[in-house]
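What follows is one structure encoded as structure tokens, with my remarks underneath.
Since every read-out is calculated from the coordinates, none of them should be taken as a lab result. The shown structure was predicted, so the numbers you read here are calculated from the model rather than taken from an experiment. Glycine gets a Cβ as well: all are built from the backbone with ideal geometry, and neighbour counts include every protein chain shown.
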Amino acid sequence: MTTNQPLIIPCVDIQSGRAVRLYEGDPDKETVYFDSPLEAARHWVNLGAGLVHLVDLDAATGRGENRSVIGLIAQELGVPVEVGGGIRSRAAAEDLLKMGVQRVVLGTAAVKSPELVAELIAAHGAERVVVSLDARGLEVATHGWAQGSGLNVADLTPALADAGLETLIFTDVTRDGTLKGLDRDLMRDVRQLWINTLIVGGGVANLDDVRLLAEERIEGAIVGRAIYEGTLPYPAQL
């Protein structure tokens with residue numbers, strides 16, 4: 001699948017019940033954009049978003065969880081939501097699906113227990129399961145980006161494809177929340193490693209990055225700070 005207009009997916013990161021953005025994934029370097037994550041999500045839907053990406057940062061880092069507010073958003077928003085952060089078991093994933101979440105996003109679990117991806121796809125369909133590989137360069141980071149896995153993206157993509165995965169999210173941890181722009185060489189490398197739907201994140205700053213996505217035939221990006229602070233207009237039209 002290729003497109004001339006990459007999909008820009010607004011991200012709502014939830015920490016301590018508020019909508020925040022982190023700098024380079026550091027939970028102690030947060031900017032609060034909305035006190036209410038539901039208000040943040042509604043803001044993007046009102047501007048035309050047809051899909052919202054939620055991240056439970058507390059669950060990802062083991063500091064707690066925000067399941068109640070995520071369930072509220074899934075029920076109240078009126079458009080599909082996908083949720084990542086701390087989903088490390090089949091039960092955790094299925095609890096979110098039962099809440100009305102459209103897609104669960106597996107990170108650490110997909111690295112540590114790749115069979116879980118195949119199990120969830122077999123049970124719920126590829127349209128409801130996404131894997132997010134968060135990396136420094138091509139080395140995959142886990143546990144809320146706090147640990148290196150010792151694995152390269154290329155070590156994981158064949159098994160994910162064999163498991164039936166359709167959509168892969170790749171996040172450049174070193175640029176996330178920085179507005180530094182996408183690393184074209186890195187984006188090109190990941191594109192070559194994943195032939196199905198590829199969504200990227202980490203550093204998207206402006207329309208130049210959206211053009212880069214189109215040129216590299218990457219289907220879309222998850223964007224936070226750039227649309228919250230207005231360096232990338234939303235909706236972003238090429």
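Expected output is a single nm value to one decimal: the length gained when fully extending between ALA154 and LEU238, i.e. 0.36 nm times separation in residues minus the C-alpha distance. What is it?
Numbers: separation 84, 0.36 × 84 = 30.24 nm, distance 3.10 nm.
That pair, ALA154 and LEU238, stretches by 27.1 nm at full extension.
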Study note, to complete from the structure: Under the helix-only model (-39500 (n - 2.57) for each DSSP H run of 4 or more, divided by the residues of the chain), the mean residue ellipticity at 222 nm, to 500 deg cm²/dmol, is -10000 deg cm²/dmol
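Among VAL45, VAL117, rank each residue by its count of other Cβ atoms within 10 Å, from fewest to most, as a rough exposure measure. Please list the in-between numbers first.
Working: VAL45 17, VAL117 24.
Going from least to most buried by this count: VAL45, VAL117.
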Review point. Which Rg and Dmax, in Å, describe the Cα atoms of the chain?
Key: 16.0, 42
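At a 10 angstrom cut-off on C-beta neighbours, averaged per residue, how do the peptides 210-219, 227-236 rank from highest to lowest?
Values: 210-219: 18.7, 227-236: 17.0.
Top of the packing list down: 210-219, 227-236.
Using Cβ contacts closer than 10 Å as the measure, can you line up LEU182, LEU151, LEU116 from fewest to most?
Working: LEU182 23, LEU151 16, LEU116 20.
Ranked by crowding around the Cβ, least crowded first: LEU151, LEU116, LEU182.
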